[in-house]
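All remarks here apply to the structure that follows.
The values are calculated or read from the model by the stated rules, or taken from the named source; none is laboratory data. Since the structure is predicted, the reported quantities are computational estimates derived from the model, not experimental observations. Note: ideal-geometry Cβ built from the backbone for every residue, glycine included; neighbour counts use all protein chains shown.
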């Protein structure tokens with residue numbers, strides 16, 4: 001982007017030209033923000049304008065492309081705290097800043113370029129997030145690095161998943177080295193301040209009006225050097241080993257649900273924070289109950305007599321107790337009945353028990369039962385199929 005183009009120049013003349021350009025161009029007006037706008041407000045306006053004038057959204061539109069370049073150049077200067085401060089100083093100093101002394105007492109045309117600012121959080125990633133591209137993060141980046149996420153699978157009994165439990169996960173993953181406690185230095189020694197960068201992690205290369213900062217080649221930006229690396233981890237501070245992690249599974253966890261445990265993943269590098277542990281829950285089916293979110297489901301057999309005459313029947317619950325359900329006369333097979341509050345207790349609400357009744361037709365009848373059914377059939381005067389037959393006959397005639 002624009003900043004890298006300016007920084008790659010050489011000589012006093014280009015630095016003066018840059019300062020004159022800063023004085024002549026109002027980058028706040030370019031982005032449509034006030035001089036007192038917060039960094040968040042500047043970024044918000046930049047993103048809105050960048051989307052509007054981006055070449056991908058305006059193919060073969062030279063004026064839109066030129067406007068996009070102006071917007072990017074403006075944000076490249078006032079979108080970063082350090083360059084915004086220098087820009088404001090140039091604007092306040094006026095044409096005198098092109099003379100023998102620059103802003104804030106710097107040498108004529110001086111400009112400081114910090115190579116660390118053009119990493120994964122630079123302009124390329126910002127545009128990539130908006131337009132679906134973006135640069136691949138550098139896994140070898142210097143400075144503190146967050147540890148990687150670790151994913152583990154945990155199989156739970158249906159009842160344990162419903163009620164919640166505390167259990168242990170046994171992992172084989174990266175962990176802080178047990179020999180050096182993560183320092184990377186052999187026992188009895190410790191990391192030393194890097195003599196080349198004096199613990200800053202960066203070195204500067206002054207080239208006339210420009211000052212370039214880059215990661216220290218001696219310590220690779222870690223600020224320290226390890227003269228006697230740990231034998232166990234070879235100076236990395238981490239090792240692969242088996243470890244046990246206590247996990248609290250909340251009540252109501254469902255099959256295929258993921259639980260995130262903060263800072264329980266792989267250790268960070270160069271003083272960075274640990275990553276997270278992602279627990280993938282696998283819940284085994286129950287022999288009797290099913291599940292729909294926090295609701296429990298149950299298929300309960302009933303007799304023809306109970307369905308026809310009505311009855312009070314006992315229904316099992318997940319905790320082993322029984323509740324009474326009243327079946328009305330004429331209840332149909334497959335009908336659903338709700339028992340409030342007998343489902344799964346979640347963090348914020350509780351589910352119900354949904355009972356589906358299935359009328360069981362006996363496959364064998366004794367003599368008494370056979371006679372009773374015959375008597376019922378004789379006493380039945382209405383056909384249960386009459387409406388279907390009439391409808392079919394009417395369609396045939398039509």
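Points to keep in mind about this one:
- Condition check for residue 93: part of a helix (DSSP H, G or I), modelled with pLDDT under 80 and either more than 21 Å from residue 22 (Cβ to Cβ) or out of contact with any strand residue (DSSP E or B) (no Cβ under 9 Å at 6 or more places or on another chain) (or both): yes
- Taken together, the residues in region 342-371 that are in contact with a strand residue (DSSP E or B) (Cβ under 8 Å, 6 or more places away or on another chain) and farther than 30 Å from residue 250 by Cα amount to 4.
- Residues (in contact (Cβ under 8 Å) with a residue 24 or more places away in the chain, crowded, with 17+ Cβ neighbours inside 10 Å and either in the same structural domain as residue 158 (by TED's automatic domain parsing) or closer than 30 Å to residue 376 by Cβ (or both)) located in region 332-357: 355, 357
- Scanning region 358-371 turns up no residue that is in contact with a helix residue (DSSP H, G or I) (Cβ under 7 Å, 6 or more places away or on another chain) and touching a residue at least 60 places away in the same chain (Cβ under 8 Å).
- One residue stands out among those in region 237-278 that are out of contact with any strand residue (DSSP E or B) (no Cβ under 8 Å at 6 or more places or on another chain) and within 23 Å of residue 200 (Cβ to Cβ): the one that is modelled with the highest pLDDT, which is 273.
- If you go through region 260-296 and pick out every residue that is surrounded by fewer than 17 Cβ atoms within 10 Å (Cβ to Cβ) and closer than 16 Å to residue 151 by Cα, you end up with 6.
- Filter result (more than 33 Å from the chain's Cα centre (by Cα) and either more than 17 Å from residue 289 (Cα to Cα) or not in a loop (DSSP other than H, G, I, E, B) (or both)) within region 336-349: 336, 337, 338, 339
- Search result, residues across region 44-68 that are touching a residue at least 40 places away in the same chain (Cβ under 8 Å) and outside any loop (DSSP other than H, G, I, E, B): 47, 50, 51
- Checking each residue in region 22-35 for being in contact with a helix residue (DSSP H, G or I) (Cβ under 9 Å, 6 or more places away or on another chain) and either surrounded by fewer than 19 Cβ atoms within 10 Å (Cβ to Cβ) or not in a helix (DSSP H, G or I) (or both) picks out 23, 25, 26, 29, 32, 33, 34, 35.
- Enumerated strands (runs of 3 or more DSSP E) restricted to region 181-295, each holding at least 1 residues that are free of Cβ contacts under 8 Å to residues at least 60 places away in the same chain and under 31 Å from the mean Cα position of the chain (by Cα): 258-261, 290-292
- Candidates 175, 161: the one that is within 30 Å of residue 319 (Cα to Cα) and either over 28 Å from the mean Cα position of the chain (by Cα) or not in a loop (DSSP other than H, G, I, E, B) (or both) is 161.
- Test: residue 393 is over 26 Å from residue 301 (Cα atoms) and either touching a residue at least 60 places away in the same chain (Cβ under 8 Å) or loosely packed, with under 10 Cβ neighbours inside 10 Å (or both): no
- Residue list for region 307-331, restricted to those being assigned to a helix (DSSP H, G or I) and either touching a strand residue (DSSP E or B) at 6+ places or on another chain (Cβ under 6 Å) or touching a residue at least 60 places away in the same chain (Cβ under 8 Å) (or both): 307
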